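Here the structure comes first, spelled out in structure tokens, and everything after it is commentary.
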Amino acid sequence: MKTFAVLTLFAVSAFAQAPSVIKGSQATFTMAKTNIIKSAEKMPEENFAFKPTPDVRSFGDVLGHIADAQYAFCSAASGAEGPKNSVEKTWKSKAGLIEDLKNAFAFCDKAYAGVTDETIGKSIKLFGRESTVINALDFNTAHDFEHYGNLVTYMRLKNIVPPSSEPRK
């Protein structure tokens, strides 16, 4: 009986110390966010209009698209309204685009911070379909990494080492 009690206490204690689902999702989102912002900061302004081929977005347009997507995904997850303007279609400078991008990520930071164990599985509409809060946030992170991959290619074509490939300090 004592062994059972000790094992039960150990299991309950370990479970209580385990990271929550939202904390794990938030950490992965922060990794994507950090790499994307660092990419924007590293790329020289004259390369923000760079397109590897004429039929794809420019480097700056990809960043604007990422910013716009933050508002779409995190509005759905949080119920908060984001701005209605399109960053992708209206950006004019590196500094302004980086500011818009940081604001968009801050909007999502609030969405992540507002998730609780009670709301994580709440049913929401995401692009007209049934989804959950955690699915919207994780879909956002997947989308961020998808486009970070685009940014990496653009940076490599300009002989710039992407943030995720920099030596660790």
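Values as computed for the structure displayed
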| item | result |
| --- | --- |
| Subset tally (residues that are free of Cβ contacts under 8 Å to residues at least 40 places away in the same chain and not hydroxyl-bearing (Ser, Thr, Tyr)) for region 128-142 | 5 |
| Some residue of region 140-149 being surrounded by 19 or more Cβ atoms within 10 Å (Cβ to Cβ) and either of a type in the set (Phe, Trp, Tyr) or in contact with a strand residue (DSSP E or B) (Cβ under 8 Å, 6 or more places away or on another chain) (or both) | yes |
| Per-region count, region 154-169, residues in a helix (DSSP H, G or I) and exposed (fewer than 12 other Cβ atoms within 10 Å of the Cβ) | 1 |
| Output for region 61-116, where each listed residue is among the β-branched types (Val, Ile, Thr), over 13 Å from the mean Cα position of the chain (by Cα) and under 14 Å from residue 143 (Cβ atoms) | 62 |
| Any hit, region 75-94, residues being among the charged types (D, E, K, R), farther than 21 Å from residue 161 by Cα and surrounded by 14 or more Cβ atoms within 10 Å (Cβ to Cβ) | yes |
| Wholly enclosed helices (runs of 4 or more DSSP H) of region 55-128 bearing at least 2 residues aliphatic (A, V, I, L, M) | 59-78, 94-113 |
| Cross-chain or 6+ apart pairs with Cβ under 8 Å, region 41-57 first and among the basic types (Lys, Arg), then outside any loop (DSSP other than H, G, I, E, B) and surrounded by 13 or more Cβ atoms within 10 Å (Cβ to Cβ) | 42/155; 42/163; 51/59; 57/65; 57/88; 57/150 |
| Single condition residue 59 does not satisfy, out of (1) touching a Phe, Trp or Tyr at 6+ places or on another chain (Cβ under 9 Å); (2) surrounded by fewer than 16 Cβ atoms within 10 Å (Cβ to Cβ); (3) modelled with pLDDT of 95 or more; (4) not acidic (Asp, Glu) | (2) |
| Flag if residue 67 is within 18 Å of residue 152 (Cα to Cα), touching a Gly at 6+ places or on another chain (Cβ under 7 Å) and free of Cβ contacts under 8 Å to residues at least 40 places away in the same chain | no |
| Any hit, region 29-42, residues being acidic (Asp, Glu) and closer than 23 Å to residue 165 by Cβ | yes |
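The rows are residues; the columns are (1) surrounded by 10 or more Cβ atoms within 10 Å (Cβ to Cβ); (2) modelled with pLDDT under 95.
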residue	(1), (2)
4	no, yes
10	yes, yes
21	yes, yes
30	yes, no
48	yes, no
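The values are calculated or read from the model by the stated rules, or taken from the named source; none is laboratory data. Remember, predicted model here, so these are calculated numbers, not experimental data. Every residue, glycine among them, receives a Cβ derived from its backbone with ideal geometry; neighbour counts consider all protein chains shown.
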